[in-house]
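A.B. asks: Below is a structure I'd like to ask you about.
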Amino acid sequence: MRFWRSFNHAFDGIMYAARTQPNMRAHLVIALLVILSALLLRLDRSYVIGLVVLVALVLALELVNTAVEAIVDLLTATHHPLAKTAKDAAAGAVLVASLAAIVVGYLVFYQGIINGGQRVYAAVGSVPSSLAFVTLAAVAILTIFAKAWVGRGSALQGGAISGHAGLAFAAATLLAFLYQRPLAALLAYFVAFLVAQSRVEAKIHRTVEAVAGAILGTVVALAIYLLARGHLPG
């Protein structure tokens, strides 16, 4: 379908930036640390929304900066002052957004830490849905890193690790530990296995790549659950 092809092309752009731009990799690491910190501090939903918007803005501007650099390099064979201006302006946009994100992050996390959570402990860190969001986001970011590191595959097709398997097994692991129902856990892992198997049967991934995704998703989900276990409702 045209929609899914467009979606995959968009992720190709993210993969290219993660593979070629050190700043993009740094922003992804910071994004991962931010969402983990938001979970552990159990920040109020409004704070989390602000953090997510700013993280997305910084990542989006870094992608725009990468696109500007690619276009300038394509159109100019020699050094030109206007080419430098275009690149500098695009980089400046990323810098402005990053500085704003740092200020907002300081204000948000300062209140969360100083107040011990009394005023900002709320919905996001105390419900399973927030745990799922953080876990799936972490698996997605680590999958992008793995594919960018190997330099093969896109976010949705092929590569060093199966992102679909990773997300499926992460969700299954969370269900197993959050609800502690053997039958529900068995069904969740069975569905996750079917997802991984479908990627292999469709010849999008090799078996080892699907297994790597399953291990990544399971380990990340387990680690985040153990970190947040003391803050979950009893």
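A.B. asks: Looking for whichever is among the small types (G, A, S), under 21 Å from the mean Cα position of the chain (by Cα) and modelled with pLDDT of 75 or more here; the options are A97, A91. Which one fits?
C.D. replies: A97
A.B. asks: Please go through region 199-230 and pick out each residue that is surrounded by 16 or more Cβ atoms within 10 Å (Cβ to Cβ), over 12 Å from F169 (Cα atoms) and not hydrophobic (A, V, I, L, M, F, W, C).
C.D. replies: Answer for region 199-230, where residues must be surrounded by 16 or more Cβ atoms within 10 Å (Cβ to Cβ), over 12 Å from F169 (Cα atoms) and not hydrophobic (A, V, I, L, M, F, W, C): R199, H205, E209, Y225.
A.B. asks: Also: Please specify each residue of region 195-234 satisfying the condition of being of a type in the set (S, T, N, Q) and modelled with pLDDT of 85 or more.
C.D. replies: Q197, T207, T218
A.B. asks: Only one residue in A196, A185, A210, A223 is part of a helix (DSSP H, G or I), aliphatic (A, V, I, L, M) and under 18 Å from F133 (Cα atoms), so which one is that?
C.D. replies: A223
A.B. asks: So, one more: List the residue pairs whose Cβ atoms are under 6 Å apart, where the first residue sits in region 137-163 and is more than 19 Å from S198 (Cα to Cα), the second is surrounded by fewer than 23 Cβ atoms within 10 Å (Cβ to Cβ) and at pLDDT below 60, and the two are 6 or more positions apart or on different chains.
C.D. replies: K147/G153
A.B. asks: Go through (1) part of a helix (DSSP H, G or I); (2) on the phi > 0 side of the Ramachandran plot one by one and return the number of the condition K203 breaks.
C.D. replies: Among (1) part of a helix (DSSP H, G or I); (2) on the phi > 0 side of the Ramachandran plot, the lone unmet condition for K203 is (1).
A.B. asks: Restricting attention to region 175-194, does a residue exist that is at pLDDT 85 or above and within 17 Å of the chain's Cα centre (by Cα)?
C.D. replies: So far as region 175-194 goes, no, none of its residues is at pLDDT 85 or above and within 17 Å of the chain's Cα centre (by Cα).
The values are calculated or read from the model by the stated rules, or taken from the named source; none is laboratory data. From a predicted model like this one, the values you see are computed outputs, not experimental measurements. Reconstructed Cβ throughout: ideal geometry from the backbone, glycine too, with neighbour counts over all protein chains shown.
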